[in-house]
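*Asks:* So that we are looking at the same thing, I have put the structure below in structure tokens.
The values are calculated or read from the model by the stated rules, or taken from the named source; none is laboratory data. A quick note: this is a predicted structure, and the numbers were derived from the prediction, not measured. A quick note on method: Cβ atoms are made from the backbone with ideal geometry, for glycine too, and the neighbour counts reach across all protein chains shown. All accessible areas refer to the heavy atoms of the entire protein, side chains included, with ligands and DNA or RNA removed. Shrake-Rupley method; radii C 1.70, N 1.55, O 1.52, S 1.80 Å.
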Amino acid sequence: MKNEITDVSLQQQVDELSKEMSPERDLWPGIEKAMAKQSRSNVKRPFYPVAWAATVVVAVLVSWLSFSPQPGTSTSNVDIAQVMQQDFNEQKQLMLVNLGQPDLKQLSPDMQKQFDELKKAQQAISKALENDPTSVELLNLLRWTQKQELDLLKQIYSPKWQTI
Amino acid sequence: MNTSTVIDAQQLFSHDQDSELVTRAQQGDQQAFHALYQLHHKRVYALCWRMLADKDSAEDVCQEVFVQLWQKIGNFRGESKFATWLHSVATNIVLGHLRKQKNWLQRVFSIEEQRVEESNTPMSDHAELSLLDQKIQALPERARVVFVLFAIEGYRHEEIASMMKMAVGSSKAQFHRAKSLLREALSEQ
């Protein structure tokens, strides 16, 4: 025999459903393991070489600035650098939007340090270019630091499927 | 003191408790994050279980939600309640899992055609479930997901349509389909 169910009685049954359920197995150990794995791979391996390399860039540029000739008449590479910097800023903004606009101020001090080093390197390169506007090497260095910054952002914020 | 005052007070307490734990977890405090897990995992698991209709997948995806939460918790800016934000993160992860899970065979021979009475969801998963939960698990996938999101989780059809990349009308149609299948299934008991 059929027992007719109305929308109202269906809704009543829905309202009575439990909002919580307990998983059969303890899920926390797997989560903890994945978190530890993330910390190891995110903090130790990828970031330190970036900071080291950016520091080297700054050191090389300080010497460059000290011994480089006075600015000439050509400003073409300075213009290119400005365009590159604009492109880079747009790419970075686009990437941040795609990654859900994370708050960069919430980064750990270690990660923050990596970004600061890259920023310093970019500023030093731009300054060096003003003194040596024909240098292609400086443009390449600038491109390299910008790429490192984008790679770093991607590494930190891209969602990863973890095998637990 | 009436019941609604008690509920309001409980919600306020849990909101404050979340805020403190979230701030600590954002600073890398794993104990605080564990406390957040303890407070919220059962609700997240219920969402995963109801949407995926499979215990093992629900457990795996629930783990994935908290692993991703650890990565993304810095993005939470307190503009909504933490629980609301967590549920939207969880919902998106579950939907992403469902999309990945579908292989070409399922796309060709749509599982939408699977009917309540043909469901092969193992009954061992249903041991302690209410009758309604058992029937929800047996719904075709899209109807089930829309029903869970609309009727149980309280999303609007516009939100569901956007999350599931479907028209608002399709979300409404799937909901009506789910309701009539459920009414039919429950009437036969």
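*Asks:* Does B:GLU158 satisfy the condition of being within 13 Å of chain A (Cβ to nearest Cβ) and surrounded by fewer than 16 Cβ atoms within 10 Å (Cβ to Cβ)?
*Replies:* No: the conditions fail for B:GLU158.
*Asks:* Also, I was wondering about something else. State which residue is farthest from the other protein chains (Cβ to nearest Cβ) when the search covers only segment A:135-153 and only residues that are at pLDDT below 80 and surrounded by fewer than 16 Cβ atoms within 10 Å (Cβ to Cβ).
*Replies:* Within segment A:135-153, the match that is farthest from the other protein chains (Cβ to nearest Cβ) is A:VAL136.
*Asks:* Output the number of the condition that B:LEU139 fails; it satisfies all remaining conditions of (1) at pLDDT 55 or above; (2) assigned to a helix (DSSP H, G or I).
*Replies:* The failed condition is (2).
*Asks:* Looking only at segment B:143-151, decide whether some residue is on the phi > 0 side of the Ramachandran plot and within 19 Å of the chain's Cα centre (by Cα). Break it down stepwise before answering.
*Replies:* In the first step, residues of segment B:143-151 are kept if they are on the phi > 0 side of the Ramachandran plot; the result is none.
Checking segment B:143-151: not a single residue is on the phi > 0 side of the Ramachandran plot and within 19 Å of the chain's Cα centre (by Cα).
*Asks:* Something else: Consider B:ALA53 carefully, then state whether it is at the interface with chain A (Cβ under 9 Å from one of its Cβ atoms), under 12 Å from the mean Cα position of the chain (by Cα) and open to solvent by less than 20 Å² (accessible area, probe 1.4 Å).
*Replies:* Here the answer is no, as B:ALA53 does not meet what is asked.
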